Amino acid sequence: MLKQYRAVIHASELLTGEGIRAKSGRHVVEADLGRISDGAIVYSVRMSDGIEVPDQVVWVGATGALPAEYRSIPTRDLEGKRAVIPGLIDCHTHLVFAGNRADEFALRCGGATYEEIALMGGGINSSVRATRAASIEELEALACERLREAWSFGVRALEIKSGYGLSLEAELKVLEVIPRLRKKFPQMTLTATFLGAHAFPPDQSREDYLQDIIERMLPEVARRGLADTCDVFIDAGYYTVEEGRKILTAAKALGLKTKVHADELANTESSTLAAELGCLSADHLLKISDAGIAALAKSETVAVCLPATAFYLKAPHAPARKLLDAGARVALSTDFNPGTSMTLNLPLVLTMGALYLGMSRAELLASVTYTAARALGLEARKGSLVAGMDADFTVLPFSTFEETYYRFGWAPPHD
Ligand code: NIG
Ligand code: FE
């Protein structure tokens, strides 16, 4: 079949992110945005489950320079009113869970801490109870609604962690939702991360569960191809650095990529472990030490900051500026989850990055495109609008990128 092409023309600005990619996301500056005024993009499309989806970027440039052969293909004219950027990537979410924890939110508003609520049997284990009780269809329906919302915020690729099952059977049920979602949302890229080591289940001893993760769960998840990455919540009251090292080493031996929920509630030097093990990312970092910052800066491991979580927990923000200045790559993400960040609003996370993390326009764009792609191991195909790469792009409801985080709390659909 002949290739089908589509074009978008007269974008008020088109940011390719080409320079960010060329610098592999370190020390990015304004000139790295690859800004094209009155921009155009030509891309090929393919059919997937009966839906036409963008395939590859074919050409990018100024509308006036559009090659003649693309002048009669189906074209969308943005009339100079809307900007185009690489599709947003939300590289850290806990999208699949049942129930909600509005009751705990009320307790926290009354002064209780996240740790106190967890000790009372709430926290992650309260979502585990609801998720275990839900059918796969119920979990799928909830996740579908959430994905539609993420799409409208401009998100084109999103990571999904398990971790509210905490038994072989329940973790598999949660992960099995993801291939179902891929069928319903062929226009989005969904990566799957096994986070069996999110907490300790109430009905098993710590030793038994650890053994289960390493000997039963990881091999089964890998055998069924249900996850490409393994994550561990290494923190005070959760997994120790040594337990994390064992789990992540076992995951690597099975061919999985790795990540760490690191230095969030307390400093455990888990960021240093992530760098040492060559993890894709170390996430949270609210309590990272200077040694951890130095370790990430000289590693390939992306520092993922989650300012919506710090906001929601009323905790001091991660030292993103120090990380960036030291040469680390910083991605931003929502950390969407029922306990510590009940939002899918990635543009709002950019507002927080601008205000509280001191990030520049170029650093902000990189953090939710190229660098977020790196945190998922997808940077060869995604995160920049360059010919030959995936045609994931977001048409902003505004004429400049900065308006998307200048406006906060609500946004018209990003399509
Ligand atoms: O990323 N830090 C660990 N996990 C989640 C919180 C999970 C929950 O409270 O349900 C997070 O913040
Ligand atoms: Fe998380």
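Here are the numbers:
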item: Shape of the range 181-259, Cα gyration tensor, a/c cut at 1.5; result: prolate
item: Against the rule of thumb 2.2 N^0.38 Å, how large the Cα Rg of the range 124-234 comes out; result: 1.06
item: Lysines whose Cα lies under 23 Å from that of residue 382, excluding same-chain neighbours fewer than 8 positions away; result: 3, 23, 161, 183, 184, 257, 259
item: Of all accessible heavy-atom area on the range 268-415, the percent that carbon and sulfur account for (1.4 Å); result: 59
item: For the chain, share of DSSP beta bridges that run antiparallel, in % to the nearest 5; result: 40
item: Listed residues 105, 194, 233, most fluctuating in the chain (Gaussian network, C-alpha, under 10 Å); result: 105
item: Burial ranking of peptide ranges 270-281, 367-378, 398-409 (average Cβ count within 10 Å, highest at the top); result: 367-378, 270-281, 398-409
item: Under-5 Å amide H pairs with residue 55, H placed in peptide plane, nonlocal only; result: 44, 45, 46, 391
item: Distance from the range 68-82 to the range 319-381 (C-alpha centre basis), Å; result: 31
item: Rounded, prolate or oblate (a/c below 1.5 giving rounded, otherwise prolate when a/b exceeds b/c) for the range 88-375 by Cα gyration tensor; result: rounded
item: Ranking by accessible area, most exposed first, for 314, 161, 173, 257 with a 1.4 Å probe; result: 314, 257, 173, 161
item: Helix-only [θ]222 nm of the chain, DSSP H runs n ≥ 4, -39500 (n - 2.57) each, per residue, nearest 500; result: -10000 deg cm²/dmol
item: Under-5 Å amide H pairs with residue 161, H placed in peptide plane, nonlocal only; result: 93, 94, 95, 96, 193
item: Calculated FRET efficiency for the pair residue 415/residue 386, C-beta based, R₀ 22 Å, to 0.05; result: 0.50
item: Gained length - residue 149 relative to residue 322, 0.36 nm times residue gap less alpha-carbon distance; result: 59.0 nm
item: Debye, to nearest 20: dipole size of the chain, +1 on Lys, Arg Cβ, -1 on Asp, Glu Cβ; result: 800
item: For the range 34-88, size of Cβ-based charge dipole, Lys and Arg +1, Asp and Glu -1, in debye; result: 180
item: Heavy atoms of residue 73 accessible to a 1.4 Å probe, total area in Å² rounded to 10; result: 30
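The values are calculated or read from the model by the stated rules, or taken from the named source; none is laboratory data. Since we're looking at a predicted model, the values are computed, not measured. Counting neighbours? That spans all protein chains shown, and the Cβs are built from the backbone with ideal geometry, glycine included. Heads up: the accessible areas ignore ligands, DNA and RNA and are worked out on the full protein's heavy atoms, side chains in. Shrake-Rupley method; radii C 1.70, N 1.55, O 1.52, S 1.80 Å.
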